[in-house]
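Everything below concerns the one structure shown next.
We did not get these values from a lab; they are worked out from the coordinates using the rules stated. Remember, it's a predicted structure, so these values are computed and weren't measured experimentally. We place every Cβ from the backbone using ideal geometry, glycine too, and count neighbours over all the protein chains shown.
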Amino acid sequence: MRCSPIRLMLIAFAVALGIGSASAQTQRAVPESKAQVQLSFAPIVRETAGAVVNVYATRNDRRQNPSMEEFFRRFFGEDAPGVPRGRSQSSLGSGVIVDPSGLVITNNHVIENMNEVKVALADRREFEAEIVLRDSRIDLAVLKLKGATNLHSIAIGDSEALQVGDLVLAIGNPFGVGQTVTQGIVSAVARTQVGISDYQFFIQTDAAINPGNSGGALIDMSGQLVGINTAIYSRSGGSIGIGFAIPSSMVRVVINSAKGGARNVVRPWLGAQLQGVDGDIATGLGLDHPTGALVTSVYDKGPAAEAGLKRGDVILAVDGQSIDNPDSFGYRFTLKGTQGQTPLTILRSGKQSTIQVKLTPPPENPSRDPVRGRARTPFAGATLVNISPAVADELQVDMADQGVVVADLDERSVAANVGFQKGDLIVAINGERLASTKDAERLIGQAGGYWEITINRGGRVFTTVLGR
């Protein structure tokens, strides 16, 4: 049979790309017949859509005066003008059932600051949900459906096997219109510097993703979960074909943490500060292109120091997986967990070598010993704690040998109004340096009518004077 010009072109295109060649991976090929063009994704959707759910989260603030509210309600009715009501917030997103017992993975920003969560299944059944794990830095959360058993779930696939050009489906609840399936391709893998979360390492897809899709499923052609749809790049609020999903490799870490009873994800601690490698640095180090993460400082009591990592080293790979920048290092390193050790490929003085780094969580040493800011002081509404590797990692601040840091801050407090920020390192009060929260408590109480406060904020040190 003679091949049509279009068929010859497709065959030539496939040969040029190496499509259809024998390999250990799944063979990929362009359509070669009308029957193949008319193939449908319906079987995959039928197998997976039942495990994608709608997540409804609300926050109902407590009334300022419950007794007065009851008085108004009793004598004037529920809907009478003047009946005080609490403020209510709501959020809508999607989620994915990943365990038949009722474990659901979604984005943290879908349920962040909410105190009531309900989940609606594809068959319209609704369940109340308990938040068993939330991690704002990864932007993932795990819910447990109350009273649910033997639910339809999705198997977690291997996001590491994805290639640019692979077909994927996005399933979620955009704009609250109901469950929707869109199709596209993987536009990029290992996308970093997107500005979405602390652990930036995303699958980019052109499958239509819109508000409400957050927490929904990104499905590969074998019907497995390869990502959690998280964000879009948009100038209008709608999809323009640039969406981002958290890879299933990280999803698996979060789910395993939840199953182990953790309330958040415990990350391994390196004990070193890293920065990206730009063109000038790459040239100076003899690299043919910018890549890796440059070590700028090493904490003398951490795993990096014990492994022999030094300032000026460039980390090129984690357990054989190459990294392009500190974001990709953080992702790869977090996947290794907190037990055993992992090899790091480094460049030092123009030569590559491998070192073994111990995998351990950041220590709480010294203990936090929290101090709540006193009333009638600039610190009212702030919680101060001793800095430690665990605190520095949690707040994403540079590690110091000793000091006091603002770990929590009430939004409407005096401390927030005068300009304190979460993560501020309080260096000194009235000229005396702080070594611990005990020093802070003493000096705050001793101050007369003013406080001279020295703050380290992101490496910038400044002093401010505040009065009563």
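Counting only the Cα atoms, region 266-348 fills a convex hull of 83 Å³ per residue.
Summarising the overall dimensions of region 116-159 from its C-alpha atoms, the Rg and Dmax are 12.3, 33 angstrom. Other residues whose C-beta falls under 10 angstrom from the C-beta of residue 168 contribute a net charge of -3, scoring Lys and Arg +1 and Asp and Glu -1. Convex hull volume of the Cα atoms of region 259-314, normalised per residue: 119 Å³. Bins of 5 Å, beginning at zero and ending with the bin holding the largest distance: percent of Cα pairs per bin for region 306-372, please. With 5 Å bins starting at 0, P(r) equals 4, 15, 23, 23, 14, 8, 6, 4, 2, 1, 0.
Take every Cα-Cα distance within region 323-459, group them into 5 Å bins from 0 onward, and report for each bin the whole-number percent of pairs it holds. Taking all Cα pairs of region 323-459, the binned fractions are 2, 9, 16, 19, 14, 10, 9, 8, 6, 4, 2, 0 percent. Working note: Cα gyration tensor of region 405-449, eigenvalues times five, square-rooted, sorted largest first, giving semi-axes of 19, 13, 9 Å. Relative to its Kirkwood radius, the Cα radius of gyration of region 202-262 gives an Rg/Rh of 1.05. Ordering 270-276, 460-466, 36-42, 406-412 by mean Cβ neighbour count within 10 Å, with the highest value first, yields 270-276, 406-412, 460-466, 36-42. Gain on full extension, evaluated as 0.36 nm per residue between residue 185 and residue 47 minus their Cα-Cα distance, stands at 47.7 nm.
As a rough guide to protection, the peptides 330-339, 300-309, 381-390 ranked by mean Cβ packing within 10 Å, highest first, stand as 381-390, 330-339, 300-309.
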